[in-house]
Amino acid sequence: MIATSCSTQLQCYHCGQSLEAEPIYYEEKAFCCRGCQSVYQILSENNLLAYYSFEERNFARGIAQPKNEPYSDFSFLEDEKVLVRLLSFNSTNFTSSGK
């Protein structure tokens with residue numbers, strides 16, 4: 001399957017979203033973002049490209065993430081139970097995840 005056009009508009013090979021900005025090309029396929037390209041690469045490297053044939057059987061393709069809407073609710077990081085699981089070291093001036 002190759003990137004298709006609908007009314008001369010190119011679509012992302014992974015999620016099918018219309019490519020409004022400059023597409024990212026990889027292996028002659030067009031992608032809307034690095035995320036879609038990365039998923040394709042992972043599937044390709046693990047011989048799982050049959051995933052893309054599911055569309056023909058009315059399965060949904062990858063789900064595109066909202067554009068230009070950065071996640072802004074980090075209030076969960078104020079929860080001590082969450083911090084204990086995320087951090088290997090925590091002091092007033094310095095924290096570390098240990099990774």
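The values are calculated or read from the model by the stated rules, or taken from the named source; none is laboratory data. Model, not experiment: these values are computed from the prediction. Here the Cβ positions follow ideal geometry from the backbone for every residue, glycine too, while neighbour counts run over all protein chains shown.
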*Go through (1) over 18 Å from the mean Cα position of the chain (by Cα); (2) modelled with pLDDT of 90 or more; (3) not in a loop (DSSP other than H, G, I, E, B) one by one and return the number of the condition LEU83 breaks.*
(2)
_Just to verify a result, which residue in segment 15-32, among those that are of a type in the set (A, V, I, L, M, F, W, C) and part of a loop (DSSP other than H, G, I, E, B), is nearest to SER53 (Cα to Cα)?_
CYS15
_Tell me yes or no: at least one residue of segment 56-69 is at pLDDT 70 or above and either surrounded by fewer than 10 Cβ atoms within 10 Å (Cβ to Cβ) or in contact with a strand residue (DSSP E or B) (Cβ under 6 Å, 6 or more places away or on another chain) (or both)._
no
